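Structure record follows, encoded as structure tokens.
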Amino acid sequence: MKKPLIVQKFGGTSVGSIERIQNVAEQVIQAKLAGNRLVVVVSAMSGETNRLVELAKQIDSVPNAREFDVLLSTGEQVSMALLAMALSKLGHHSVSLTGHQAQIQTNNQHNHATISDINPQVIQRYLDDDLIVIVAGFQGVNALGDITTLGRGGSDTTAVTLAGALSADECQIYTDVAGVYTADPRIVVNARCLEKIDFTTMEVMSKKGAKVLHLPCVTYAGENDVPLRVLSSFESGPGTLVKGRDPEPGISGVALQKRLLAISMPLHQKPRIDQQIKLCGIEIDCQIMDGSDYTLIAQPDAIHRAISMLSDTVIEETQVGLVTVVGEITASLISQSQQLLNLAEISVLHFCEDKHSFTLVIDSEAIDKAANVLHDNYIITNITVSREEKLAYLG
């Protein structure tokens, strides 16, 4: 019977110094001694990618895309080699592989490539020899053999796609937090770490601002039934298991997005606006139709791109924030949320709803307060009520 296969991913903060790389090596060894086969995906050391970007821009403000990928890919190669050295010094055999050596194939889109195929045979051969396999995240090669990089969250994507290709038992994403929380614990005082969350809810949380897992990683894992576990690199604990498609009843979490921009345009121009947005691949976070106005809300760079195309139709531009409540949604819940925020002297400018969430548009400065109000009302209060009901039942 084969030992369980685990794919572990360590981000830039986790490998941000020699001391932290040595700590990662010890964690990897613990997992190995527990009877697992291991593939470890690493990001560049914290700050290294930014340093490389600045070096490139000192040469050319718009670097050649192919050579830019060659440069950026070196960050992960430093991490993988140092981790292999650390494991060797501790008496454990490993092998480090670039994206090319791991046979990670991508399309030809430099700087934002997509993984098209992974041939698992090379990695499997090393696993069969009982080696710990370390793979550089964030990179692959195209059909021409050129190095490509995967863009933001690329190491997460590498890890989960490898887990799918290798039929791993679990893909573990190590971060600087203990797991997936009901809200951002840096902002929401009473945020709770979840024991388990389903892919559907996690996708919505990621899309609406939760930064613990990148959306493409969650989407791939859900479509390919790859169990994800989010853990801390800095403290022990079970973390959060992301598995299954069926959401739990009730409200699961609150996500927030700060410092977005909203532009309002005439509603009768909507067909033309939507066509332009789609053609240019501009990602919009929220769309609102209110009276004779059509409002788009997105990240500032996306809005600036939209304005450059639609400047003749823009009526107004404002800075806003979004607070999204994720879970079972009803019309009464939306109305109640607006009332709760009004009582807290927070004005709701607009709202929009999806199948598994609704989003309130508010002034950007009030985002933190609004997230705490809604989180405590829908999650903390419900936890307390549930506990009291259980105690009453037990007598």
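Quick note: the coordinates plus some simple rules give every number you see, no bench work behind them. From a predicted model like this one, the values you see are computed outputs, not experimental measurements. Cβ coordinates were reconstructed from backbone atoms using ideal geometry, including for glycine residues, and neighbour counts include every protein chain displayed.
A few comments on the model shown:
- Centroid-to-centroid, using Cα positions, the stretch 189-204 and the stretch 2-68 are 25 Å apart.
- Length-normalised contact order for the stretch 251-391 - Cα pairs under 8 Å, 6+ apart - percent: 30 percent
- At full extension, Asp290 and Lys196 could sit 30.1 nm farther apart than now, given 0.36 nm per residue minus the alpha carbon distance.
- Label-point gap, in nm, between Ala34 and Lys278 - each point 7 angstrom along Cα→Cβ: 4.7 nm
- Relative contact order of the chain, defined on C-alpha pairs under 8 angstrom at six or more residues apart (%): 13 percent
- Cα-based shape type of the chain, given that a ≥ b ≥ c are square roots of the gyration tensor eigenvalues and the cut on a/c is 1.5: oblate
- For the chain, the antiparallel share of DSSP beta bridges with both residues in that region comes to about 60%.
- Compactness of the stretch 251-391, taken as the C-alpha radius of gyration over 2.2 N^0.38 Å, stands at 1.17.
- Point-to-point label distance, Val78-Asp117, nm (Cα→Cβ direction, 7 Å offset): 3.4 nm
- Residue-span extension gain [Glu365 to Lys2] - 0.36 nm each, minus C-alpha spacing: 125.3 nm
- Thr381 paired with Ser46, simple spin-label distance in nm, labels 7 Å along Cα-to-beta-carbon: 3.7 nm
- Förster radius 25 Å - calculated FRET efficiency between Arg186 and Ile59 (Cβ-Cβ, nearest 0.05): 0.10
- Computed over the stretch 203-329: relative contact order in percent, which uses C-alpha pairs under 8 Å that are six or more apart: 31 percent
- A DSSP coil position with no more than 14 other Cβ atoms inside 10 Å describes the following GluC sites (Glu not before Pro) in the stretch 286-379: Glu328, Glu345.
- Kyte-Doolittle mean at least -0.5 and Cα axial length at least 18 Å: DSSP H helices in the chain: 18-33, 74-89, 331-343, 381-394
- Helix-only CD estimate at 222 nm, as mean residue ellipticity for the chain, using -39500 (n - 2.57) per DSSP H run (n ≥ 4): -11500 deg cm²/dmol
- Virtual paramagnetic centre 7 Å along Cα→Cβ of Ala331, amide N under 20 Å, in the stretch 261-294: 288-291
- Antiparallel %, DSSP beta bridges [both residues in the stretch 65-153], to 5: 55 percent
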